[in-house]
Amino acid sequence: MAHRRTSLRRLNAYLRDSERILASWDAFTEFNTDLDGWPFDQDAYGRRAALRDAHTAAAFAGVRSGARQLLATARLQLQRLPPHLTRDTWRGQLTSLEQALHRLDALDSQWIQTRAQLPADAQPGTEQYVDALDEHHAECWSYLDDWACHGQAILDIHAATRRAGAQPKRPQFSTVRPRHGGYRAGRR
């Protein structure tokens, strides 16, 4: 239970951080691109995009270890929720999150292979290492953005589950059978 609360708090923090990171990126692009969206300075634009990608990846790192459990729990909770407390979009959003996590896992495996193939002198901080890491972050960014866009569904499902647990149970009435065959039987 405490692990799930921690994971939910981390997801909430990621959603806030990614929103802040994206707002900063939007402000940068607004002042550093022309009306058609082309950057005035391609190098500065690329460096700033790499920074956005790295910050987003760092923000997601706290969510990563509990992401599969969050998804599994949300799926289970969604199955048990009464229909009036659910949204039609939640199933699709959970599927998008699962697919994004699957792609992030594949990209992480690829990054491990890339790191192993770098020359011995390409250590963190060197240009060759930084370029490879920037490329990895760029490939991950759209999937991290999927988590930023759809991750709220997990929090909403959790909140709906809590509301469902707090609602009073409706009493179950047994079916009452008439003693004498009902109203019509007595009126012949």
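The values are calculated or read from the model by the stated rules, or taken from the named source; none is laboratory data. Because the structure is a prediction, the values reported are computed rather than measured. For neighbour counting, all protein chains shown are included, and Cβ atoms are generated from backbone atoms with ideal geometry for every residue, glycine included. Heads up: the accessible areas ignore ligands, DNA and RNA and are worked out on the full protein's heavy atoms, side chains in. Shrake-Rupley method; radii C 1.70, N 1.55, O 1.52, S 1.80 Å.
Structure values in brief
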quantity	calculated
Of residues in segment 130-188 being at pLDDT below 95 and among the hydroxyl-bearing types (Ser, Thr, Tyr), the one least open to solvent (accessible area, probe 1.4 Å)	Thr161
Residues that are without any contact (Cβ under 8 Å) to a residue 40 or more places away in the chain, of a type outside the set (Lys, Arg), open to solvent by 100 Å² or more (accessible area, probe 1.4 Å) and closer than 17 Å to Ala67 by Cα, drawn from segment 1-54	Met1
Only listed residue being surrounded by fewer than 18 Cβ atoms within 10 Å (Cβ to Cβ) and under 11 Å from the mean Cα position of the chain (by Cα), chosen from Gln110, Gln99, Gln69	Gln99
Among residues of segment 118-133, those that are of a type outside the set (S, T, N, Q) and assigned to a loop (DSSP other than H, G, I, E, B), counted	7
Residue that is within 24 Å of Asp131 (Cβ to Cβ) and assigned to a helix (DSSP H, G or I), where the choices are Ser24, Ser7	Ser24
